[in-house]
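A short write-up of the structure that comes next.
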Amino acid sequence: MSKVSLSKDKIKILLLEGVHQSAVETLKRNGYSNIEYLKTSLPESELIERIKHVHFVGIRSRTHLSEAVLNAAEKLVAVGCFCIGTNQVNLEAAKRLGIAVFNAPFSNTRSVAELVLGEILLLLRGIPKRNAMAHRGQWFKSAIGSFEARGKTLGIIGYGHIGTQLGIMAENIGMKVEFYDIEDKLTLGNAQQVQNLTQLLQRADVISLHVPETPQTKNLIGMAEIEVMKQGAILINASRGTVVDIDALAEALQHEKLAGAAIDVFPVEPKSNDEEFTSPLREFDNVILTPHVGGSTQEAQENIGIEVAGKLTKYSDNGSTVTAVNFPEVSLPELSNRSRLLHVHENRPGVLTQINQAFAQHGINIAAQYLQTDDCIGYVVIDVDSDHSEVALKELSAVEGTIRARILH
Ligand SMILES: NC(=O)c1ccc[n+]([C@@H]2O[C@H](COP(=O)([O-])OP(=O)(O)OC[C@H]3O[C@@H](n4cnc5c(N)ncnc54)[C@H](O)[C@@H]3O)[C@@H](O)[C@H]2O)c1
Ligand SMILES: O=C(O)[C@H](O)COP(=O)(O)O
């Protein structure tokens, strides 16, 4: 259990993976100056050492916050994922330890959709192969294997923030859009939801994946799924590397079952730009390989920096957990002329009663109280008169089942 009651200059923030400077500016504007900024991710052993002293950590998709790392993070209050995906964080372990995790659920979605649209056009025209040949001095002027997008069917797997935007853009260039999603979805434009994955795979000229990394999406596209796709279809994956069986894809390209592919994410990705990228797909001219840059645009990164740093400062300054991905969500008013106690506890019967009884015994008047729980933890926020705040924190910290308690003035 950790108690935190620190002035802002003592709050240590570690930002990894070269998050946009807008994050640093946002934190500084809000009074947080104790920031360590690294351009790379860190291997687990180094992270375990560095994270011990840190109150907030900012990462992107390359940094793995495993249970071992989180267990070592004695002072960690919150994690900011400066991206959409949060699969690189052990969210359950973070929750058990009372560490809130935030992300940027929308800010880079347009960038991904735009990249995929471009790839669809290039792949339908066979441009990656012609481009590679031209670089080698070969002139391949031919309409063979070259098609317009107009009238072709785009099959989207995962019709969320990215899938829907891609669908609208694809319709605007005359494509027919169908999608498969495990949820019933409101269809935008003229898109049609199909009932099963096989149906989508059989009908689409281009398949694009926009699902999260989950146990269900692991190898969602393997040998069997590629087999049912149309002869000469195109496969695009800008979601997560675990979603496509890369060896199965390489084999399908070898046998010319597929006309091309665009892959932005890989089962194993280099840890830094200095590390060599290895993949069985490197040998194929008709595959666009990109180094996980779907969301890497200036616009997206700047917006993500502001959004996630804003969420971290709000949680630090006022306790709000709105949009946290692993925490009960509590929306809180500004704190004025009082102290605010933030208490994360195991969700077991009687915690709130214990708190209220302890406060009553010490004559601590509760000015406001907010509580949200999920199946594992509870998060209660209590505003009290500042004169009582230190006693209140002591009492709160002694409550059975307490995971973390901190105070804001
Ligand atoms: N390449 C990049 O740089 C980049 C950038 C942003 C996001 N991403 C990845 O793209 C993913 C999608 O992003 P989003 O913003 O559209 O997410 P989202 O949560 O808005 O949408 C995901 C959709 O997938 C559906 N889904 C989940 N499991 C499924 C399954 N087994 N089969 C079919 N549908 C399923 C969900 O119901 C949802 O509609 C993210 O989780 C992230 O991993 C990659
Ligand atoms: O989850 C995401 O938003 C994307 O995969 C982008 O990750 P990145 O910030 O590491 O580029």
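The values are calculated or read from the model by the stated rules, or taken from the named source; none is laboratory data. All values reported here derive from a predicted model rather than from experimental measurement. All Cβ positions, glycine included, derive from the backbone under ideal geometry; neighbour counts span all protein chains shown. The area values use the complete protein model at the heavy-atom level, side chains included, leaving out ligands, DNA and RNA. Shrake-Rupley method; radii C 1.70, N 1.55, O 1.52, S 1.80 Å.
Among rounded, prolate and oblate, which fits region 319-409 when a ≥ b ≥ c are the square roots of the eigenvalues of its C-alpha gyration tensor, a/c under 1.5 means rounded, and a/b larger than b/c means prolate? Because a/c hits 1.5 or more and a/b fails to exceed b/c, region 319-409 counts as oblate.
Taking GluC sites (Glu not before Pro) across region 144-248, the ones in a DSSP loop with at most 14 further Cβ atoms lying within 10 angstrom of their Cβ are E148, E183.
Here each label is just a point 7 Å from Cα along the line to Cβ, and for T187 and D247 those points are 3.8 nm apart. Once the Cα-Cα distance is subtracted from the 0.36 nm per residue extended length, the T290 to D9 segment shows a gain of 97.2 nm. For a straight C-alpha distance cut-off of 30 angstrom, the lysines reachable from K152 (same-chain residues fewer than eight places away being disregarded) are K129, K141, K176, K185, K218, K230, K257. For region 122-160, trypsin sites (Lys or Arg not before Pro) are listed when DSSP marks them as loop and at most 12 other Cβ atoms sit within 10 Å of their Cβ; the list is R136, K141, R150. The spacing between region 188-235 and region 310-353, judged by their C-alpha centroids, is 40 Å.
Only one residue of V57, Q216, I157 has its Cα farthest out toward the positive end of the dipole of the chain, where Lys and Arg carry +1 and Asp and Glu -1 on Cβ, and that residue is V57.
Each Lys and Arg Cβ is given +1 and each Asp and Glu Cβ -1; about its Cα centre, region 48-192 then shows a dipole of about 640 debye.
Mean residue ellipticity at 222 nm, helices only, the chain: -9500 deg cm²/dmol; runs of at least 4 DSSP H residues each add -39,500 (n - 2.57), and the sum is divided by the number of residues. Taking label points 7 Å from Cα along the Cα-to-Cβ direction, H53 and T214 give a separation of 4.1 nm.
Taken about its Cα centre, region 65-123 carries a charge dipole of about 200 debye when Lys and Arg each add +1 at the Cβ and Asp and Glu each add -1 at the Cβ.
Of the chymotrypsin sites (Phe, Trp or Tyr not before Pro) in region 107-187, the ones in a loop by DSSP (not H, G, I, E or B) with at most 14 other beta carbons within 10 Å are W139, F140.
Using Cβ point charges alone (K and R +1, D and E -1), the dipole size of the chain about the Cα centre works out to roughly 580 debye. Ligands, DNA and RNA excluded, the heavy atoms of L122 present near 80 Å² of accessible surface to a 1.4 Å solvent probe. Normalising by residue count, the chain has a Cα convex hull of 150 Å³ per residue.
In terms of the mean number of neighbouring beta-carbon atoms within 10 Å, the peptides 194-200, 16-22 order highest first as 16-22, 194-200.
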